[in-house]
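Heads up: the structure comes next, in structure tokens.
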């Protein structure tokens with residue numbers, strides 16, 4: 001009988017402690033969600049692990065279309081404008097740093113680093129671009145772009161680590177020329 005009573009008291013105390021923490025964090029706001037403050041290591045681990053595994057799990061059902069070669073530089077170049085407008089400010093490009101006012105947490109990975117891009121398969125990169133990542137600042141292109149455009153941006157991201165600043169600049173010049181030709185055609 002005494003053990004049952006102790007069990008009830010300990011269980012009740014644990015429930016009250018958990019409820020107090022929950023109320024303090026969720027309703028009172030004691031947990032700082034501001035970008036300059038970092039998550040504690042346990043929260044950081046849980047969020048990163050969940051994100052990685054979620055993407056890997058969903059990527060099992062995504063295949064690169066047979067008609068697309070993600071290593072084709074000309075194919076990737078066609079989607080330069082999408083990357084330059086949507087991705088460059090946070091992720092940078094060869095010879096171009098991310099915009100200094102883009103203070104994100106977690107920090108946006110630098111996509112010119114081979115080790116960063118090579119962590120993900122082609123299908124995983126596609127899903128990251130298509131669906132974004134909640135509460136990180138990583139936007140989703142899927143609601144506004146067709147899959148073929150997202151595959152094009154995927155191709156460009158896949159190629160960034162091997163691209164020189166001069167090659168990226170040449171793409172930018174090509175893109176600007178295409179825009180000028182399109183505006184003159186109208």
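Bear in mind these aren't lab numbers, they're just calculated from the coordinates by the rules spelled out. In this text, all values refer to a predicted model and were calculated from it rather than measured experimentally. Heads up, the Cβs are rebuilt from the backbone with ideal geometry, glycines too, and the neighbour counts pull from every protein chain shown.
In the chain, the longest principal axis of the Cα atoms and the axis of helix 147-159 are about 90 degrees apart.
Legend: Rg and Dmax of the stretch 127-186, from Cα coordinates, 14.4, 41 Å. What the Kirkwood sum gives for the chain is a hydrodynamic radius of 19.5 Å, with every pair of different alpha carbons counted. Each residue, residue 37 and residue 14, gets one label point 7 Å from its Cα in the Cβ direction; the gap between the two is 2.8 nm. Once the Cα atoms are used to define both axes, helix 2-22 deviates from the longest principal axis of the chain by about 40 degrees. Quick one: angle between helix 122-131 and the longest Cα principal axis of the chain, in degrees between 0 and 90, rounded to 10, please. Computed tilt is about 70 degrees. Using a Gaussian network model of the chain in which every pair of alpha carbons under 10 angstrom is joined by a spring, one finds that among 22, 80, 175 the greatest mean-square fluctuation is at 22.
By the helix-only formula, in which each DSSP H run with n ≥ 4 contributes -39500 (n - 2.57) and the sum is divided by residues, the chain has a 222 nm mean residue ellipticity of -17000 deg cm²/dmol.
The packing ranking of peptides 141-153, 47-59, highest mean first, is 141-153, 47-59, where packing means the average number of other beta carbon atoms within 10 angstrom of each residue. Highest average first, the peptides 159-172, 6-19 ordered by how many other beta carbon atoms sit within 10 Å of their residues are 159-172, 6-19.
With N as its number of residues, the stretch 1-93 has a Cα radius of gyration that, divided by 2.2 N^0.38 Å, comes to 1.97. Shape analysis of the stretch 89-165 based on the Cα gyration tensor places the equivalent ellipsoid semi-axes at 18, 17, 11 Å, largest first.
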